[in-house]
Each structure stands twice: as C-alpha cells, then as structure tokens.
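For reference, the structure discussed in these notes is given below.
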Amino acid sequence: MWLKITKNYSPNFNLPKRLKKKIKFIIIHYTGMKKESAAIKRLCDVNTNVSAHYFIKENGEIINLIPDLYEAWHAGKSNWKRLISLNKNSIGIEIQNQGHEHKYKKFSVTQINSLKRLLKILIKSYKINLANVLGHSDIAPERKKDPGEKFPWKNLAKAKLAKWHNLKEKKIKNDRLKKLNRIEEKIFLKNLNSIGYNKIKKLNHNLNKKFLVEAFQRRFRQSLVNGKTDQECLLISKNLIKS
C-alpha cells in the first residue's frame, strides 16, 4: 500500500540498528500539547529526550521522525506481560491531540484514516500480533492516559488493526456498576495480567489498582472510566482472554 510520508528526522534515538524481528509492538500516543508545531519541535529537540517514529498531524499528514529500525524514545518506563522498557521492541506513533489537560477532544476522521493506512503497512511489514497494538496508557497506567477514551479502538478492531471484545455492548451494559465479590475481583485482576497489564504493586495498592482499571476501561469500556471494577469489566476481560 502506497502512503505519502514526509521525513523530518529527530536526533533522539538509540544506536545501533535493531533487527526487524525485534519489533513486536506498536504503541499509540497523543501529544497532549496545544500546538502541533510545538509538539513536533519537542520531539525533535535534542534536549527533551523524547521522540517517536511517526507523527500524524491534524490534517492527516504523516511525518517520519525516526527510521523504524532505530529505537525511539516514546514509551518511557513501561511494562507489558514480562517485558519492561518497551522502546526496544516497539514503534511509536504520536497523534496530534491536546489531551486530557487541554480540553481533550475526538481525533479527526482524517487522522484516523491516515493511522489506519500506516498501521496496515507496519503490521504487515513486521508481522505484528493485533494484541500488541497498544496505547501508552496500557503499558504505563500509573503515568499515562493517552491516547485516551476518545480514541477509536473499536473502529480499528473492525478494520483488523487492533484488539477488541466481541460482546454486545448494549447487553453487557446491564452489568455495569454491579459489584464484584472478592473471588470475582481476583479473577478480574488475574485476567488483566493475562491480557498483559502489569501486576498491582503492594505499595499504594488501591491507587495502583485504580490506575490499572482506568487503563483497561479507557481501552475496552470507553463510555465509563471510573477506575472501579464491576461485572461488565469482568465479562469483557473474560471475553478478551477467550478470543
């Protein structure tokens, strides 16, 4: 698939080149900055220690900031399953969006269409498992909210570009806010670990659990992100494990 991509290389990457087979994840971010030009400048500033492989502008244009085979600095402190520091195994995509701190809004249709085209190329080129197309909040739930609950994960899943559950949302909504007993809560948290989310730390247990549940909800139950476990979340987690 042909896709026009402008090159504007950032100095913020690691040497040497990595092997193609090392790339197993795609991590999606929003910039969280008001101005697009400032976001691009920051990702290319040698003093910031941040970067990404691709940047999708508000008008849908794509900029390649770091060649795929070099490690960009986008994930930071991160965990997924048994892996830590996912920079070395991932491609990072930044999408211009002001984020939760600046009147968080929906991503434009143009941006998502460009993202879909880019994902199709990357997934095919690097044989990415769809379960490994993740958001920044998935791999760093205690620090990050992006790309957030307005990001169209279900839309991407329909295009076979990401993972989603196959439950009827109107039906499972009846189980929303229904509390879990202790055994069910343990099952739910175990399911999150099986999906890939990191285990809850003993220190600040309740706060860490809240962050973890919010990350799961931002991804798979976007209409209500409250950080509280319930029967609807449990059903979704079970379905994801089965699929």
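The values are calculated or read from the model by the stated rules, or taken from the named source; none is laboratory data. What you see is a predicted model, and the numbers here were worked out from it, not measured in a lab. Methodologically, a virtual Cβ is constructed for each residue, glycine included, from the backbone with ideal geometry; neighbour enumeration extends over all protein chains shown.
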Taking first residues from region 35-50 that are at pLDDT 95 or above and second residues anywhere that are loosely packed, with under 14 Cβ neighbours inside 10 Å, the pairs with Cβ under 7 Å that are 6 or more apart or on different chains are Glu36/Glu58; Arg42/Thr48; Cys44/Asn8; Val46/Pro11
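Take region 66-79 and flag every residue that is farther than 23 Å from Leu118 by Cα and buried (at least 23 other Cβ atoms within 10 Å of the Cβ). Show your work before the answer.
Pass one, region 66-79, residues farther than 23 Å from Leu118 by Cα: 77-79.
Ser78 - this is the single residue of region 66-79 that is farther than 23 Å from Leu118 by Cα and buried (at least 23 other Cβ atoms within 10 Å of the Cβ).
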By residue number, the members of region 157-196 that are crowded, with 18+ Cβ neighbours inside 10 Å and polar (S, T, N, Q) are Asn191
Note on region 84-94: residues aliphatic (A, V, I, L, M) and either crowded, with 16+ Cβ neighbours inside 10 Å or not assigned by TED's automatic domain parsing to the domain that holds Gly60 (or both) are Leu86, Ile91, Ile93
Going through region 218-238 in order, the residues found to be assigned to a helix (DSSP H, G or I), touching a residue at least 60 places away in the same chain (Cβ under 8 Å) and of a type outside the set (Asp, Glu) are Arg218, Arg219, Phe220, Leu235, Ile236
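Between Ser137, Ser125, which is under 30 Å from Lys210 (Cβ atoms), outside the structural domain of Tyr197 (by TED's automatic domain parsing) and either at pLDDT below 95 or of a type in the set (Ser, Thr, Tyr) (or both)? Spell out the reasoning first.
Numbers: Ser125 fails: under 30 Å from Lys210 (Cβ atoms).
From the options Ser137, Ser125, the qualifying one is Ser137.
Being out of contact with any strand residue (DSSP E or B) (no Cβ under 8 Å at 6 or more places or on another chain) and surrounded by 15 or more Cβ atoms within 10 Å (Cβ to Cβ) narrows it down to one residue among Val50, Val46; which is it?
Val50
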Reported set for region 84-109 where residues are closer than 18 Å to Ile27 by Cα and of a type in the set (A, V, I, L, M, F, W, C) is Ile84, Leu86, Ile91, Ile93, Ile95, Phe107
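Yes or no: region 67-80 includes at least one residue that is assigned to a loop (DSSP other than H, G, I, E, B), in the same structural domain as Ile23 (by TED's automatic domain parsing), under 16 Å from the mean Cα position of the chain (by Cα) and among the polar types (S, T, N, Q). Explain how you work it out, then say what you get.
Taking region 67-80 as the starting set, the residues that turn out to be assigned to a loop (DSSP other than H, G, I, E, B) are 67-70, 73-78.
Still in the running and in the same structural domain as Ile23 (by TED's automatic domain parsing): 67-70, 73-78.
If we keep only those that are under 16 Å from the mean Cα position of the chain (by Cα) as well, we get 73-78.
With among the polar types (S, T, N, Q) added as a condition, the list becomes 78.
Yes, the conditions are met somewhere in region 67-80.
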With the first residue restricted to region 166-181 and required to be free of Cβ contacts under 8 Å to residues at least 12 places away in the same chain, and the second required to be part of a loop (DSSP other than H, G, I, E, B) and among the acidic types (Asp, Glu), Cβ contacts under 6 Å at 6 or more apart or on different chains are none
Counting only residues that are surrounded by 18 or more Cβ atoms within 10 Å (Cβ to Cβ) and under 18 Å from the mean Cα position of the chain (by Cα), region 1-42 contains a total of 10
Output for Cβ contacts, cut-off 7 Å, separation at least six or different chains, first residue assigned by TED's automatic domain parsing to the domain that holds Glu61 and assigned to a loop (DSSP other than H, G, I, E, B) in region 1-20, second surrounded by fewer than 11 Cβ atoms within 10 Å (Cβ to Cβ) and among the aliphatic types (A, V, I, L, M), reads Pro11/Val46; Asn12/Val46
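Per-residue answers, yes or no, for (1) at pLDDT below 95; (2) in contact with an Asp or Glu (Cβ under 9 Å, 6 or more places away or on another chain); (3) over 27 Å from Lys150 (Cβ atoms):
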site: Leu177; (1), (2), (3): no, yes, no
site: Asn181; (1), (2), (3): no, no, yes
site: Arg221; (1), (2), (3): no, yes, no
site: Glu232; (1), (2), (3): no, yes, no
site: Leu240; (1), (2), (3): no, no, no
